[in-house]
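Here is the structure we will look at, set down as structure tokens.
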Amino acid sequence: MKKLWKSFTLCTAMYSALPTPKTDFDDDSMSHVFCFFPWIGLVVGALEAVWWYAAARLGIGGLLYGAVAALLPVAVTGGIHLDGFLDVCDARGSHQSRERKLEILKDSHVGAFAVIGLGWYLLLSAALWSAVKFHVALCLVPVVSRTLSGLCAVCWRNARGTGLLASFTKASHLRHNRVALSLWLLAAGLVLGHLRGWEGVAVLLVAGLTLLYYRRVSEKEFGGITGDLAGWFVQLCELTALAAVVILQKGVGMCI
């Protein structure tokens, strides 16, 4: 139990800005980190539900509601996944060789494509949140994105074999992490599949398609995954799932 607690606190400290007891980076702490990765998504989803409820009670809607909803995940995570998203925007925007793209991922400088990517991501996210009719399925999107990202981390090839993600993967008890993440995915899938309406099904379908795109991009352009690519996938999965719910709701509304 002590080892699991250390992994839980390390996961929370690494992948969120939530107050967490200090934990050392040792093999015991890193061994089961991915088992708890989706828990951060539960926090994000719960806060989105709280914000929706508070905004409804206060009569807040439109752009203000959408902007806060878009920034909530960044506030909870400290922007760690968004940072990876921006690094990948810089790397892919360079249109350089695979080796050069991997170098760009490690570069701490912010390039033009990262700035552009940040702008369009936050604007589109805020616009989609301001247009959506809140549904419970949206609370599980951050869980699904992190579960899939974690599964990829413990199942797919690492592009460099070095870096933070590689360190966590090497120290991980792979079988335990894979089983735990599979159970997270099964639980989320069962809930989404049984929700009223088609929003849950849409989330699962689009998350699966985004996962296939992640596989294609990571293998073809980078030769595997990295921590930055894992963060890029989390952000992209959440954005495409949100867009799918909005499109579904608007389409049903037009038919009615």
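The values are calculated or read from the model by the stated rules, or taken from the named source; none is laboratory data. Predicted model only: the values in this text are computed from it and were never measured. Every residue, glycine among them, receives a Cβ derived from its backbone with ideal geometry; neighbour counts consider all protein chains shown.
A few points about this structure:
- Between Val217, Val245, Val234, the distinction of being part of a helix (DSSP H, G or I), farther than 26 Å from Lys6 by Cα and in contact with a His (Cβ under 7 Å, 6 or more places away or on another chain) belongs to Val245 only.
- Meets criteria (surrounded by 15 or more Cβ atoms within 10 Å (Cβ to Cβ) and small (Gly, Ala, Ser)) for Ala46: no
- Here Trp232 qualifies as of a type outside the set (D, E, K, R) and under 20 Å from Thr77 (Cβ atoms).
- The range 133-150, subset outside any helix (DSSP H, G or I) and not β-branched (Val, Ile, Thr), residue surrounded by the fewest Cβ atoms within 10 Å (Cβ to Cβ): Lys133
- None of Ser108, Ser130 is hydroxyl-bearing (Ser, Thr, Tyr) and outside any helix (DSSP H, G or I) except Ser108.
- Lone qualifier among Thr162, Thr210 - being crowded, with 17+ Cβ neighbours inside 10 Å, β-branched (Val, Ile, Thr) and either modelled with pLDDT under 95 or over 14 Å from Leu140 (Cβ atoms) (or both): Thr210
- Flag for Lys6 being free of Cβ contacts under 8 Å to residues at least 24 places away in the same chain, touching an Asp or Glu at 6+ places or on another chain (Cβ under 6 Å) and either more than 30 Å from Ser218 (Cα to Cα) or hydrophobic (A, V, I, L, M, F, W, C) (or both): yes
- Residue count for the range 51-61 under the criterion of being touching a residue at least 40 places away in the same chain (Cβ under 8 Å) and either within 13 Å of Tyr121 (Cβ to Cβ) or exposed (fewer than 12 other Cβ atoms within 10 Å of the Cβ) (or both): the result is 1.
- Of the residues making up the range 73-114, just one is without any contact (Cβ under 8 Å) to a residue 40 or more places away in the chain, surrounded by fewer than 19 Cβ atoms within 10 Å (Cβ to Cβ), touching a Phe, Trp or Tyr at 6+ places or on another chain (Cβ under 9 Å) and not polar (S, T, N, Q), namely Gly93.
- Count of residues meeting criterion [of a type in the set (A, V, I, L, M), at pLDDT below 90 and farther than 25 Å from Trp156 by Cβ] in the range 18-56: 1
- Residue within the range 226-240 that is more than 19 Å from Tyr15 (Cα to Cα) and of a type in the set (A, V, I, L, M, F, W, C) present: no
- Tallying residues that are of a type in the set (Gly, Ala, Ser) and under 18 Å from the mean Cα position of the chain (by Cα) within the range 93-118 yields 2.
- Some residue of the range 151-161 being assigned to a helix (DSSP H, G or I) and among the basic types (Lys, Arg): no
- Take the conditions (1) assigned to a helix (DSSP H, G or I); (2) at pLDDT below 95; Val76 misses just one of them, which is (2).
- The condition of being more than 20 Å from Trp120 (Cβ to Cβ), among the β-branched types (Val, Ile, Thr) and part of a loop (DSSP other than H, G, I, E, B) holds for only one of Thr20, Thr12, that being Thr20.
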